[in-house]
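**Student:** Quick one: the structure is below, and I'll ask about it shortly.
The values are calculated or read from the model by the stated rules, or taken from the named source; none is laboratory data. Because the structure is a prediction, the values reported are computed rather than measured. Quick reminder, even Gly has a Cβ in these numbers, built from the backbone with ideal geometry, and neighbours come from all protein chains shown. Side chains are part of the model used for accessible areas, which takes the heavy atoms of the whole protein and leaves out ligands, DNA and RNA. Shrake-Rupley method; radii C 1.70, N 1.55, O 1.52, S 1.80 Å.
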Amino acid sequence: MTLQELVRKAASCYMDKVAVCFDECNNQLPVYYTYKTVVNAASELSNFLLLHCDFQGIREIGLYCQPGIDLPSWILGNLNLFMKRY
């Protein structure tokens with residue numbers, strides 16, 4: 001089972017449970033995302049990339065970003081994109 005399949009399976013059971021917590025260690029409260037939020041954001045990213053990018057047979061996608069609450073969604077979105085394309 002792939003990582004994205006495991007996350008989708010967990011999301012189907014625990015949609016409203018916390019999936020991701022990010023603490024910037026800057027004296028502010030941590031930020032939390034539910035499985036639903038993570039899965040939806042990942043899906044939005046993969047759909048956006050499919051719509052706006054012409055990959056022309058390229059199988060690699062780079063991810064350059066700062067650490068943050070969205071990072072797991074971005075990783076899953078890229079993995080989902082690979083599954084949708086091949």
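**Student:** Could you provide, to the nearest whole Å², the per residue accessible area of the chain with probe 1.4 Å?
**Tutor:** Solvent-accessible surface per residue comes out at 73 Å².
**Student:** Once the other residues with Cβ under 15 Å from the Cβ of CYS13 are scored (Lys, Arg +1; Asp, Glu -1), what is the net sum? Don't skip to the end; give the middle numbers.
**Tutor:** Numbers: positive: ARG8, LYS9, LYS17, LYS36; negative: GLU5, ASP16.
Net of charged neighbours comes to +2.
**Student:** Simple spin-label model, 7 Å along Cα-to-Cβ: ILE58 to ALA10 in nm?
**Tutor:** If labels sit at ILE58 and ALA10, their model points lie 3.0 nm apart.
**Student:** Turning to a different aspect of this structure: What is the helix-to-structure angle for 3-14, meaning the angle in degrees between its Cα long axis and the longest Cα principal axis of the chain, kept from 0 to 90 and rounded to the nearest 10?
**Tutor:** Approximately 50 degrees, to the nearest ten.
**Student:** May I pose another question? What is the gain in length, in nm to one decimal, between GLU44 and MET1 on full extension, counting 0.36 nm per residue of separation less the C-alpha to C-alpha distance?
**Tutor:** Taking GLU44 through MET1 to full extension adds about 13.3 nm, to one decimal.
**Student:** Right, here's the next one. Please report how far the C-alpha centroid of region 59-84 lies from that of region 35-52, rounded to the nearest whole angstrom.
**Tutor:** Comparing the Cα centres of region 59-84 and region 35-52, I get a distance of 9 Å.
**Student:** Would you check the accessible area of LYS17, probe 1.4 Å, heavy atoms only, in square angstrom rounded to 10?
**Tutor:** My reading of the accessible area for LYS17 is about 120 Å².
**Student:** Show the residues, 5+ positions off or on another chain, whose built amide H is closer than 5 Å to the amide H of MET15.
**Tutor:** Sorted by chain and number, the residues that satisfy this come to none at all.
**Student:** Right, here's the next one. Could you tell me the relative contact order of the chain? Use alpha-carbon pairs under 8 Å, at least six residues apart, and round to a whole percent.
**Tutor:** Averaging sequence separation for qualifying contacts and normalising by length gives 32 percent for the chain.
**Student:** While we're on this one: Please give the calculated 222 nm ellipticity per residue for the chain, where each DSSP H segment of at least 4 residues contributes -39500 (n - 2.57) and the sum is spread over every residue; nearest 500 deg cm²/dmol?
**Tutor:** Dividing the helical sum by the residues of the chain leaves -17000 deg cm²/dmol.
**Student:** Just to confirm a number: summing +1 for Lys and Arg and -1 for Asp and Glu over residues other than VAL31 whose beta-carbon lies under 13 angstrom from that of VAL31, what do you get?
**Tutor:** Once positives and negatives cancel, what remains is -3.
**Student:** Here's another thing I want to ask about it. Starting from region 4-84, pick out the chymotrypsin sites (Phe, Trp or Tyr not before Pro) whose DSSP state is loop and whose Cβ has at most 15 other Cβ atoms within 10 Å. Intermediate values should be presented prior to the final figure.
**Tutor:** Details: sites: TYR14, PHE22, TYR32, TYR33, TYR35, PHE48, PHE55, TYR64, TRP74, PHE82; in loops: PHE55, TYR64.
Passing sites in region 4-84 are PHE55, TYR64.
**Student:** Same structure, new question: Which value, in Å² rounded to 10, gives the accessible area of MET83 with a 1.4 Å probe and all protein chains present?
**Tutor:** Approximately 90 Å² of MET83 is accessible to the 1.4 Å probe.
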